[in-house]
Amino acid sequence: MLVDALEHLVRGIVAHPDDVHVRSKPLRRGTLLEVRVHPDDLGRVIGRSGRTASALRTVVKALADGKPVRIDVVDVDRGR
């Protein structure tokens with residue numbers, strides 16, 4: 001559910017919605033959601049001073065019902 005919600009939100013922000021991929025990884029404490037977007041859209045997802053990314057984290061944490069969730073925006077060019 002969280003993956004679908006985050007993917008829907010990010011697709012509404014970017015110019016290349018077909019290149020949006022969200023992957024969920026279980027961690028010892030909680031879940032990691034990795035967001036991958038087209039390199040041209042990276043700035044849109046992060047936003048000025050990280051405001052957009054922060055807002056996305058706030059919405060997803062509200063949907064998580066108190067479970068720990070971490071969201072990382074992955075730079076595809078760096079291959080991380």
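For the reader, a short list of remarks on this structure follows.
- Within segment 20-28, one or more residues are under 19 Å from Asp65 (Cα atoms) and among the hydrophobic types (A, V, I, L, M, F, W, C).
- The set of residues in segment 1-20 that are in contact (Cβ under 8 Å) with a residue 40 or more places away in the chain and surrounded by fewer than 11 Cβ atoms within 10 Å (Cβ to Cβ) contains only Met1.
- All conditions but one from (1) open to solvent by 70 Å² or more (accessible area, probe 1.4 Å); (2) closer than 16 Å to Val76 by Cα; (3) of a type in the set (Gly, Ala, Ser) apply to Ala62; the one that does not is (2).
- Pick from segment 21-59, criterion among the hydroxyl-bearing types (Ser, Thr, Tyr) and open to solvent by 70 Å² or more (accessible area, probe 1.4 Å), ranking: farthest from Leu9 (Cα to Cα): Ser49
- Among the residues of segment 60-70, none qualifies, meaning not one is out of contact with any Gly (no Cβ under 7 Å at 6 or more places or on another chain), among the basic types (Lys, Arg), without any contact (Cβ under 8 Å) to a residue 24 or more places away in the chain and over 19 Å from Met1 (Cβ atoms).
- Filtered residue count, segment 29-50, keeping only those that are more than 26 Å from Gly66 (Cβ to Cβ) and acidic (Asp, Glu): 2
The values are calculated or read from the model by the stated rules, or taken from the named source; none is laboratory data. Every value quoted in this text rests on a predicted model; they were computed, and no experiment measured them. Here Cβ is always computed from backbone atoms with ideal geometry, including for glycine, and neighbour counts include all displayed protein chains. Calculation scope for accessible area: heavy atoms of the full protein, side chains included, ligands and nucleic acids excluded. Shrake-Rupley method; radii C 1.70, N 1.55, O 1.52, S 1.80 Å.
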